[in-house]
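A.B. asks: Handing you a structure now.
Values quoted throughout were computed directly from the atomic coordinates according to the rules given, and no laboratory measurement underlies them. Keep in mind that what you see is a predicted model, and the values were worked out from it rather than measured. All Cβ positions, even for glycine, are placed from backbone atoms using ideal geometry, and neighbour counts span all protein chains on display.
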Amino acid sequence: MSYYVLTGKCTVISRTTIQQVTNLELQVNSNKLLYKEFDQEVRRILGEEEPQQDIGDKPSPEDWAEFKEFDEDFQEEFSNIVSKYDIKEADDEFTLEVFNDTYLNMELALPSGDGAQPAFARVTKRLRDTNGLPIGTAHDNPILDSCCMKSSTKMVTSRQWRQMQLLRTFLRRLMQKIIVTFSLMRSLITVPMGRKLCNNTRF
Amino acid sequence: MRWVCKVMQRTSTQAGGLNGCTPIESVTGETTDILEYLDFGFYDSVWYHEKVLERDYRVVGWVSRIVLEV
């Protein structure tokens, strides 16, 4: 790996070995002089003039003291404090209820055991610690939330619900594979005319 | 300008649907190698060696570009 280095003569050379100038070396007067000469040379080549100094720009706040004390427009623009006594501070109105769960009192329809009719459920409470603060934070994906739902039949957590869904999916795919396998076996033992070799074969 | 373009190409972004990927990675499909950009920044002060009349001098200079083709 090599680097293009800008030299003090404003020429660009290629070097494979370069070393960082340390902060201590930057504070040496001889090096400071080098940088100053280099900046002047670059400025001369680029045709730029000396940068504008801060003289006359009133950089310190003391320069604005007369405006701050006597100028009404200045006071209105920069010293105006908007405050209403009927609006309370946020800390005064803080209660733990602001941490209420967004799923509280939400109604859910969960598939029941036989799958014919869904079982309805309602989010009843939010788990809190001893200080009244909610335990855990809500996940962006509602399926991955670990909130507790009270079903009409029993209490299920979302983790248990997820496991049930995975088990159902696995069983459904397993049954599909079994049916496909049996269909293939059946077609293999069927003659082209459509007559089966073994009529009492059960699948 | 060229340095800024190279750095921006190798900076992860959410813009343009890149989802935190770097723009150069989305084009080439390869993970970006930023090793060259870790040692020195643009216009960093560096020492380099220069031979004058068979004598080796250490001269101060400023990094202007990285030669990636070497």
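A.B. asks: Taking 0.36 nm per residue of separation and subtracting the Cα-Cα distance, what length does fully extending A:ILE135 through A:LEU171 add?
C.D. replies: Between A:ILE135 and A:LEU171, full extension yields an extra 9.5 nm.
A.B. asks: So how do B:LYS6, A:LYS68 line up by other beta-carbon neighbours within 10 Å, fewest first?
C.D. replies: Sorted ascending by nearby Cβ count, the order is A:LYS68, B:LYS6.
A.B. asks: I would also like to ask the following. In the structure displayed, which of A:LYS9/A:LYS32; A:LYS68/A:LYS88; A:LYS9/B:LYS51 lie more than 27 Å apart, Cα to Cα?
C.D. replies: A:LYS68/A:LYS88
A.B. asks: Next up: Could you line up B:CYS21, A:CYS10 from fewest to most neighbouring Cβ atoms inside 10 Å?
C.D. replies: A:CYS10, B:CYS21
A.B. asks: Just grab the label-to-label distance for B:THR13 and A:ILE81, each label 7 Å out from Cα along the Cβ direction, in nm (one decimal).
C.D. replies: It works out to 4.4 nm between the two label points.
A.B. asks: Run the Debye formula on the Cα coordinates of the range A:6-49, all scatterers equal and no solvent, and tell me log10 I(q)/I(0) at q = 0.18 1/Å.
C.D. replies: Rounded to two decimals, the profile gives -0.67.
A.B. asks: Ranked by Cβ crowding within 10 angstrom, fewest neighbours first, how are B:ILE34, A:ILE87 ordered? Spell out each step's value before the answer.
C.D. replies: Numbers: B:ILE34 12, A:ILE87 8.
Going from least to most buried by this count: A:ILE87, B:ILE34.
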